[in-house]
1. About the Cα centre of the chain, what is the dipole size in debye to 20, counting +1 per Lys and Arg Cβ and -1 per Asp and Glu Cβ, all else neutral?
2. So how many Å³ per residue does the convex hull of the Cα atoms of the chain work out to?
3. Place a +1 charge on the Cβ of each Lys and Arg in region 92-189 and a -1 charge on the Cβ of each Asp and Glu, then give the dipole magnitude about the Cα centre in debye, rounded to the nearest 20.
4. Keeping every protein chain present and rolling a 1.4 Å probe, give me the accessible area per residue for the chain in Å².
5. GNM on the chain, C-alpha springs below 10 Å: top fluctuator among 119, 151, 175?
6. Which residue, 137, 33, 160, tops the fluctuation ranking in a GNM of the chain built on C-alpha contacts under 10 Å?
7. Where both residues lie in the chain, what percent of DSSP beta bridges are antiparallel, nearest 5?
8. Under a cut-off of 29 Å between alpha-carbon atoms, report the lysines in cross-link reach of residue 31, not counting same-chain residues fewer than 8 places apart.
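The values are calculated or read from the model by the stated rules, or taken from the named source; none is laboratory data. Because the structure is a prediction, the values reported are computed rather than measured. No Cβ is skipped: glycine too gets one built from the backbone with ideal geometry, and neighbour counts run over all protein chains shown. These accessible areas exclude ligands, DNA and RNA; they are computed on the full protein's heavy atoms, side chains included. Shrake-Rupley method; radii C 1.70, N 1.55, O 1.52, S 1.80 Å.
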Amino acid sequence: MADLTLYHAAPSRSSIVLWMLEELGVPYDIKLIKLSAGDNLKPDYLAINPMGKVPALRHGDTVITEVAAICTYLADEFPAKKLNVPVGTPRRGLYLKWLFFGPSVFEPAMVDRAFPRKEGAKASSLGWRGFDEVLDIVAKGIGQGPWLMGEQFTAADVVIGANIRWGMIFKMVPERPEFTAYAARIAARPAAQRAEAKDKELAAG
Ligand SMILES: N[C@@H](CCC(=O)N[C@@H](CS)C(=O)NCC(=O)O)C(=O)O
């Protein structure tokens, strides 16, 4: 039994953590949670994540939920593959900005665009800007790339990269050249390919 267990629904946001684990190349077990069967709302799983959402990751006695928190944690716990920017490195500020930007700005702005509210909230009361502005910020952040942190691929690319890839698949993110090129670089990564193949197999089985 591996020290790491991913509570996973294939495919879903937990696929992002599956990709992260493949990038790290560490052994892990998968516990499949069938959302269609309501496994995520059963007492056993609610004891792990009271919100009843996947992913959750167990590492020894520690349980972590929230995609970006899990990716940040894994990158720091398993630094051999250099997917983190360590504490004490000035570039860590930018790295953390992108890790938080995914769930607190990119995703909400994208969902707002896809599912407009009947009565929009006051812009200044939201923690994010309109989706077009957010997309410009991300495109500028990728810049010449290849990655958000320049030459170093990090956990931030797993989080923001998943937003972009999945956003494009679901036609929620426009096919801007910056995003298409970035998504193609991600798709060429062997770990991303392994995670995708594993997910397909799990979803079929
Ligand atoms: N903020 C959470 C979101 C997780 C999430 O929304 N998971 C979805 C799957 S993509 C889920 O578990 N949905 C089941 C449900 O809401 O009943 C994270 O980043 O981990």
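1. Dipole size: approximately 340 debye.
2. That works out to 145 Å³ per residue.
3. Computed about the Cα centre, the dipole is about 140 debye.
4. Working: 10860 Å² over 205 residues.
Using a 1.4 Å probe on heavy atoms only, each residue of the chain averages 53 Å².
5. Most flexible of the set in this elastic network: 119.
6. 137
7. Percentage antiparallel, nearest 5: 70.
8. Hits, sequence-local ones excluded: 42, 53, 81, 82, 198, 200.
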